[in-house]
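Here the structure is laid out as structure tokens; the discussion comes afterwards.
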Amino acid sequence: RIKILATGICRTDDHVIKGLMVSRFPVIVGHEATGLVESIGEGVTTVKPGDKVIPLFMPQCRECNACRNPDGNLCIKSDITGRGVLDDGTTRFSCKGKPVYHFMNTSTFTEYTVVDEFAVAKINDAAPPEKVCLIGCGFSTGYGAAIKTGKVTPGSTCAVFGLGGVGLSVIMGCKSAGASRIIGIDLNKDKFEKAKAVGATDCISPKDSAKPISEVLSEMTGNTVGYSFEVIGRLDTMIDALASCHMNYGTSVVVGAPPSAKMLTYDPMLLFTGRTWKGCIFGGWKSRDDVP
Ligand code: NAD
Ligand code: ZN
């Protein structure tokens with residue numbers, strides 16, 4: 001049982017409320033938090049009351065195939081299908097005698113939550129809760145998408161679609177990987193100032209040109225975008241981002257959550273010429289090992 005000290009708001013919480021992501025209702029969303037362990041159940045050995053912790057929407061059981069593979073992180077215990085209960089099948093929330101469901105093993109928009117041991121990481125006691133809560137989702141997701149999944153190389157050119165908390169973290173990852181040009185793309189120009197403060201070298205809005213954004217980027221960069229990231233969660237921008245990386249050696253990473261039960265149609269020529277298209281959840285990090 002964890003007392004929540006601070007929690008961030010991620011677009012994924014809003015996707016659930018809007019019905020774009022599967023979840024069992026009524027549900028308590030929120031999945032990016034810092035807390036203090038208040039009490040532990042029988043058999044729990046890796047955390048104790050008083051520990052400062054981050055709940056993990058991407059758990060790490062250390063036993064499933066993904067956990068045992070050095071390149072995997074999508075633990076079988078993660079609740080991407082929206083079961084809404086703990087590992088023992090129970091919910092620990094109720095309202096007026098009726099069950100209220102968990103979200104992604106976390107549910108942090110509460111004063112207290114209950115998580116399984118495989119979904120919590122002990123962190124440094126001195127860590128400032130209102131800052132490190134972002135490691136619970138947005139920061140880790142974006143930063144890992146750039147350095148672990150995209151494997152951005154020094155001197156490269158990167159294009160980041162969507163400049164929310166996750167997109168800004170992708171920019172930080174591209175910068176720390178040594179990218180020499182980082183182009184932020186957003187419809188909302190109010191996002192440009194912060195994007196530049198964290199490392200974007202240029203920012204553009206798709207509204208400013210009648211041409212497809214991939215052509216605008218190709219002209220701006222002399223056709224050298226090595227890495228592109230979709231950090232919005234829209235089908236059209238997933239294709240735009242794919243088309244924006246170099247047709248032969250480019251890599252495009254899907255970070256934005258795809259809307260549930262939607263299909264994507266794209267020209268396979270985009271891949272035939274050599275592009276790599278990949279995605280990641282929680283930036284590819286193994287949560288219990290990497291979050292601390
Ligand atoms: P956010 O809403 O804060 O940011 C999205 C940005 O995209 C906004 O600035 C918005 O103006 C911009 N945008 C919207 N439509 C656009 C368009 N058509 N063209 C250009 N820009 C557009 O969201 P966030 O919290 O940063 O999350 C981003 C996405 O990442 C969401 O889909 C979220 O669900 C997903 N996500 C995925 C993971 C993961 O593990 N893969 C983790 C966290 C969040
Ligand atoms: Zn999130």
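The values are calculated or read from the model by the stated rules, or taken from the named source; none is laboratory data. Bear in mind the structure is a predicted one, so any value in this text is a computation, not a measurement. For neighbour counting, all protein chains shown are included, and Cβ atoms are generated from backbone atoms with ideal geometry for every residue, glycine included. Ligands, DNA and RNA are stripped out before the accessible areas are found, and what is left, the full protein with its side chains, is counted by its heavy atoms. Shrake-Rupley method; radii C 1.70, N 1.55, O 1.52, S 1.80 Å.
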* In deg cm²/dmol and to the nearest 500, what is the mean residue ellipticity at 222 nm of the chain if only DSSP H runs of at least 4 residues count, each as -39500 (n - 2.57), divided by the residue total? -> -6000 deg cm²/dmol
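Can you tell me the accessible area per residue over the chain, all protein chains present, probe 1.4 angstrom, in square angstrom?
On the way: 14060 Å² over 292 residues.
In whole numbers, the chain has 48 Å² accessible per residue.
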* For region 59-163, what percent of Cα pairs sit more than 16 Å apart? -> 70
* Asked: For Asn105, what is the net charge nearby, where nearby means another residue's Cβ is under 10 Å from its Cβ and Lys, Arg count +1, Asp, Glu -1?
  -> -1
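Determine one quarter of the surface area of the Cα convex hull of region 150-292, which equals its mean projected area, and express it in nm² to one decimal. Walk me through the numbers on the way to the answer.
Values: hull surface 36.3 nm².
Reported value for the Cα convex hull: 9.1 nm².
Where nothing but the Cβ of Lys and Arg (+1) and of Asp and Glu (-1) is charged, how large is the charge dipole of the chain around its Cα centre, in debye to the nearest 20? Each step should come with its number before you reach the end.
Values: 32 positive and 29 negative charges, 26 e Å.
Result for the chain is approximately 120 debye, rounded to the nearest 20.
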* Farthest toward positive dipole pole in region 139-283 [+1 Lys/Arg, -1 Asp/Glu at C-beta], among Ser205, Tyr143, Leu187 -> Tyr143
* Structure fact -> Applying the gyration tensor rule to the Cα atoms of region 1-92 (axes a ≥ b ≥ c; rounded if a/c under 1.5, else prolate if a/b exceeds b/c, else oblate), the class is oblate
* Based on the Cα coordinates of the chain, what is the per residue volume of their convex hull in Å³? -> 138
* Asked: Could you give the dipole magnitude of region 39-148 about its Cα centre, charging the beta-carbon of Lys and Arg +1 and that of Asp and Glu -1, in debye to the nearest 20?
  -> 180
* To do: Restricting to the chain, compute how many DSSP beta bridges are antiparallel as a %, nearest 5.
  => 40
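Output the relative contact order of the chain, whole-number percent, from Cα pairs under 8 angstrom with separation of 6+ residues.
Values: 694 pairs, mean separation 53.7, N = 292.
Reported relative contact order: 18 percent.
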* **Euclidean distance between Cα centres, region 1-62 to region 209-228, Å** => 39
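With respect to the cross-link table entries Lys3/Lys194; Lys151/Lys175; Lys18/Lys52; Lys131/Lys286; Lys207/Lys262; Lys18/Lys286, which display a Cα-Cα separation exceeding 23 Å?
Values: Lys3/Lys194 31 Å; Lys151/Lys175 12 Å; Lys18/Lys52 32 Å; Lys131/Lys286 20 Å; Lys207/Lys262 25 Å; Lys18/Lys286 29 Å.
Table pairs above 23 Å Cα-Cα are Lys3/Lys194; Lys18/Lys52; Lys207/Lys262; Lys18/Lys286.
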* Asked: Charges only on Cβ, +1 for Lys and Arg, -1 for Asp and Glu: so what's the dipole of region 154-260 about the Cα centre, in debye to the nearest 20?
  -> 240
* To do: With a 1.4 Å probe and every protein chain kept in, tell me what percent of the accessible surface of region 2-136 is carbon plus sulfur.
  => 55
* P(r) tail fraction, region 94-225 - alpha-carbon pairs more than 18 Å apart, % -> 63
